[in-house]
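To start, the structure under review is shown below, and the notes come after it.
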Amino acid sequence: MTIQITEENGTVTGVLNGRLDTAAVAQFTQDMKPLMEQADKHIVLDCEKLSFISSSGLRLFLSLRKETIAKGGDVTIMNVPPEVKQVFTITGFYSLFQFQ
């Protein structure tokens with residue numbers, strides 16, 4: 001699991017690649033710290049190359065959402081593959097985020 005983070009015009013974009021499963025959560029938690037530090041901005045998570053997300057991964061998305069709410073930012077999730085979108089829908093997380 002990797003994340004590439006860029007910033008442009010006040011928007012911070014994280015491009016996710018791989019499987020966000022239990023084994024990847026510890027490293028991904030560290031890798032997403034720059035997003036948490038910039039939670040006062042608009043954050044876009046591009047999930048086009050995200051092939052799987054576990055409940056542990058969903059918790060990280062929820063943590064980011066809570067941090068952005070606390071700091072006045074927001075999160076948009078885009079390019080979600082159908083199998084990942086299904087996990088968001090089944091767990092009820094789909095209603096918690098903006099999707100494009």
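The values are calculated or read from the model by the stated rules, or taken from the named source; none is laboratory data. Predicted, not measured: the structure shown is a model, and the values here were computed from it. Virtual Cβ from ideal backbone geometry, glycine too; neighbours counted across all protein chains shown. Ligands, DNA and RNA are stripped out before the accessible areas are found, and what is left, the full protein with its side chains, is counted by its heavy atoms. Shrake-Rupley method; radii C 1.70, N 1.55, O 1.52, S 1.80 Å.
Got at least one residue in the stretch 1-17 being hydroxyl-bearing (S, T, Y), more than 13 Å from V84 (Cα to Cα) and either open to solvent by 50 Å² or more (accessible area, probe 1.4 Å) or in contact with a Gly (Cβ under 9 Å, 6 or more places away or on another chain) (or both)?
yes
What do you reckon, is S63 within 19 Å of E83 (Cα to Cα) and either of a type outside the set (V, I, T) or open to solvent by 20 Å² or more (accessible area, probe 1.4 Å) (or both)?
no
Would you point out which residue out of D46, D40, D74 is open to solvent by less than 50 Å² (accessible area, probe 1.4 Å) and in contact (Cβ under 8 Å) with a residue 24 or more places away in the chain?
The conditions single out D46.
Could you look through the stretch 7-28, keep only residues that are more than 17 Å from S63 (Cβ to Cβ) and small (G, A, S), and pick out the one that is nearest to the chain's Cα centre (by Cα)?
Filtering the stretch 7-28 for residues that are more than 17 Å from S63 (Cβ to Cβ) and small (G, A, S), the one nearest to the chain's Cα centre (by Cα) comes out as G18.
Run down V75, V12 and say which single residue is out of contact with any Phe, Trp or Tyr (no Cβ under 8 Å at 6 or more places or on another chain), among the β-branched types (V, I, T), modelled with pLDDT of 95 or more and not in a helix (DSSP H, G or I).
V12
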